[in-house]
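Right, one structure below, let's go through it.
The values are calculated or read from the model by the stated rules, or taken from the named source; none is laboratory data. In this text the structure is predicted, and so the values were computed from the model without any measurement. Neighbour counts are summed over all protein chains in view; Cβ atoms, including those assigned to glycine, are modelled from backbone coordinates with ideal geometry.
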Amino acid sequence: MFEALGNRLQGVFDRLRGRGALSEDDVNDALREVRIALLEADVALPVVKDITAKVRERAVGQEVIRSIQPGQQVVKIVHDALVEALGGNDEGPRGLDLNAPAPVPILMVGLQGSGKTTTSGKIALRLRGKERKKVLLASLDVHRPAAQLQLEQLAKRAEVASLPIVAGQTPLQIAERAMDQARRELFDVVVLDTAGRLAIDEALMAEVAAVKAAVKPHETLLVVDAMTGQDAVNTARAFNEKVGVSGIVMTRVDGDARGGAALSMRAVTGAPIKLLGAGEKLDALEEFHPDRIAGRILGMGDIVSLVERAAETIDQAEAEKLAARMQKGQFSLEDYAAQLKQIGKMGSLSGMLGMLPGVGKLKAQIENANLDTTILKKQSAIIGSMTPKERRAPEIIKASRKRRIAAGSGASVQEVNRLLKQFEDMRDMMKRMNKMGQKGMMRGGLA
Ligand code: GDP
């Protein structure tokens, strides 16, 4: 989702690149663009002001570092300000807090259609799988007859228990019955999915607040749809004021939402964004890491998330090897081919591509042309037509080899060129990110 903001900021930094040292004019120019980019990306005005003020203060006050380009310096400062606006890095893990006596109640709140029920299922699946918890799902939605059945279905798919449906009960009665059953049958976690409404209304808030007072949930998670932009921020504010939330789950980050909501929501509510929903499938749930999202917003890709997600799908040892090779700048065409194969398994293709550095433009092309699997298959075929030596050292692939590879894979020489160029870009970016990791971004060479 953060693509739009990323691309816009990228434009600012491109213009800054190649100039001399950072001057006050440079900072002001950049800030004007950053401000517009953030506003266009739906970031709330106070948050925009806060970020730009921080960047100005730091950039102008800071001694100019002669050895790097101004763009790099501003990137670093903007990156840090974004991380702070997203909640900072030093608050520990952003996942769910289950540190309470079992059964731990988790209350899910939000508007209808935000993805609340789906997210309840995702959380149940994750807790059962990764954390080996015994989870009970219960729907308190007595307003929409199908809601309880929907949750029951999801529970089946996630292979967790759901509270038997009893007609005629109030949300409060259902919640209490769920907690009773959980205590009796020694469940670890109870996920309570409340009723949503199409818009904020007092009755909804009162109902949710009453359940909250009775159950005293350890987590009250507000589910908001990232696609609703500024409305998501207003929803978050209202729920936080009327009910109180301990964390936010932002859904549909797999869509092309403008990334601003993430920046604003934390600032407006003070509640951390804990999880991201990135697709309709039950395993499309990601942890939220401010530094990685800031990196994504800045268009630097997100190698850590990529490797982490890969690790869950592929063999652990393989993933570690891949991460190590990426870090050492030894990412090879063979790794790339292996990755293309894994992408299918990992769910959303555009989500994956968004994490790879330097492929923002390719991603847009793929989405426009809707050609994703075709391109992947073709790229796999091209790599498959190379000799092991060519895969290890693609620089030896000159014209005649290109013709042979193209003929062998049914691709054009142009397509072979495109793949090689893309791979080169990706590897360069990984090397630079690695350097940044070692020396800090200031001296890292982002331009
Ligand atoms: P609720 O009314 O808040 O309980 O919303 P639902 O859980 O029923 O979700 C509404 C629709 O959004 C369903 O079609 C879900 O499959 C879809 N959905 C939920 N979360 C996501 C997500 O993270 N990404 C995408 N693309 N769709 C989602």
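Within the stretch 126-154, if we keep just the residues that are within 13 Å of the ligand (Cβ to nearest atom) and among the aliphatic types (A, V, I, L, M), the residue that is surrounded by the fewest Cβ atoms within 10 Å (Cβ to Cβ) turns out to be Ala146. Say we look at the stretch 191-208 and pick out the residues that are exposed (fewer than 15 other Cβ atoms within 10 Å of the Cβ) and free of Cβ contacts under 8 Å to residues at least 60 places away in the same chain; which of these is nearest to the ligand (Cβ to nearest atom)? The selected residue is Asp201. So, in the stretch 263-293, of the ones that are at pLDDT below 80 and more than 10 Å from the chain's Cα centre (by Cα), which residue ends up farthest from the ligand (Cβ to nearest atom)? If we take residues in the stretch 263-293 being at pLDDT below 80 and more than 10 Å from the chain's Cα centre (by Cα), then Asp291 is farthest from the ligand (Cβ to nearest atom). Counting only residues that are among the charged types (D, E, K, R), under 16 Å from the mean Cα position of the chain (by Cα) and within 6 Å of the ligand (Cβ to nearest atom), the stretch 110-125 holds 0 of them.
State whether the residues of the stretch 243-257 include one that is within 27 Å of the chain's Cα centre (by Cα), crowded, with 19+ Cβ neighbours inside 10 Å, among the small types (Gly, Ala, Ser) and modelled with pLDDT under 80. The answer is yes; a qualifying residue exists.
Checking the stretch 216-225 against the condition returns a match, with at least one residue being acidic (Asp, Glu), farther than 22 Å from Asp97 by Cβ and at pLDDT below 95. Scanning the stretch 155-165 for residues that are within 14 Å of the ligand (Cβ to nearest atom) and touching a strand residue (DSSP E or B) at 6+ places or on another chain (Cβ under 9 Å), we see that the one that is nearest to Val211 (Cα to Cα) is Ala155.
Among the residues making up the stretch 87-146, those that are of a type in the set (D, E, K, R) and either within 24 Å of Arg237 (Cβ to Cβ) or part of a helix (DSSP H, G or I) (or both) are Glu91, Arg94, Asp97, Lys116, Lys122, Arg126, Arg128, Asp141.
Considered as a group, the residues in the stretch 148-178 that are of a type in the set (Gly, Ala, Ser) and within 27 Å of the chain's Cα centre (by Cα) include one that is farthest from Arg197 (Cα to Cα), and that residue is Ala158.
Pairing residues of the stretch 106-124 that are more than 20 Å from Ala214 (Cα to Cα) and in the same structural domain as Thr220 (by TED's automatic domain parsing) with residues that are among the basic types (Lys, Arg) and near the ligand (Cβ under 6 Å from one of its atoms), at Cβ distances under 7 Å and at least 6 apart in sequence or on separate chains, gives Gly115/Arg252.
In the stretch 155-179, the qualifying residues are those that are within 20 Å of Glu207 (Cα to Cα) and not aliphatic (A, V, I, L, M), and the one that is surrounded by the most Cβ atoms within 10 Å (Cβ to Cβ) is Pro171.
In a residue-by-residue description of the stretch 410-422, the property of being part of a helix (DSSP H, G or I), surrounded by fewer than 16 Cβ atoms within 10 Å (Cβ to Cβ) and modelled with pLDDT under 65 applies to no position.
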